[in-house]
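The next block holds one structure in the form of structure tokens; read it before the comments.
The values are calculated or read from the model by the stated rules, or taken from the named source; none is laboratory data. Quick caveat, the model's predicted, so the values are computed rather than measured. Heads up, the Cβs are rebuilt from the backbone with ideal geometry, glycines too, and the neighbour counts pull from every protein chain shown. Keep in mind that these areas ignore ligands, DNA and RNA; they rest on the heavy atoms of the full protein, side chains included. Shrake-Rupley method; radii C 1.70, N 1.55, O 1.52, S 1.80 Å.
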Amino acid sequence: GTDTGTDTGTDTGTDTGTDTVEIYISSVQFDSPGTDDHTNENINGEWVKITNSGSNSVDMTGWRLVDTKGHGKDKTQFDGFILASGATVTVHTGNGQNSDTDRYMGYNAYIWNNDGDTAILKDSNGNIVDQKTCNQGSCKY
């Protein structure tokens with residue numbers, strides 16, 4: 001026979017789909033311009049740009065931007081931050097006022113190697129969303 005009943009059950013399944021594949025590291029500047037004079041302004045010359053090419057905004061609370069040595073694992077610059085669809089955020093190494101376009105890791109020293117490094121973006125579950133290696137001062141992807 002044909003099932004003509006109405007499904008009144010609650011969907012308890014887990015959505016295993018993910019929007020995070022559309023969040024990616026779009027460029028890096030590991031070597032800040034000019035002389036490394038250890039000022040906050042110069043330290044903020046080190047940055048990583050993260051872009052959301054997806055159609056949905058993504059809440060990045062709990063996400064981490066780290067290097068292979070673990071710098072950034074305890075930083076919370078993404079807490080309460082939503083990366084809008086089509087938007088790019090610049091994550092600076094030093095200190096500053098977090099905004100929709102710029103986030104600050106809060107370091108008082110350089111963390112990225114001038115001659116090349118690897119930036120790793122992890123979601124709130126610790127899964128690697130994107131990872132980019134740049135073997136020079138800056139790269140665009």
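Quick notes on this one:
- As a summary of the residue check, Q97 satisfies the conditions (1) under 19 Å from D31 (Cβ atoms); (2) free of Cβ contacts under 8 Å to residues at least 12 places away in the same chain except for the one numbered (1).
- First in segment 36-48 and under 16 Å from D67 (Cα atoms), second anywhere and in a loop (DSSP other than H, G, I, E, B) and of a type in the set (A, V, I, L, M), Cβ under 6 Å, 6 or more apart: none
- Whichever residue in segment 16-32 is open to solvent by 50 Å² or more (accessible area, probe 1.4 Å) and outside any loop (DSSP other than H, G, I, E, B) and, among such residues, is modelled with the lowest pLDDT: V21
- Filtering G45, G13 for residues that are farther than 16 Å from N127 by Cβ and at pLDDT below 95 leaves a single hit, G13.
- Residues in segment 33-42 include none that are crowded, with 19+ Cβ neighbours inside 10 Å and either at pLDDT 95 or above or in a loop (DSSP other than H, G, I, E, B) (or both).
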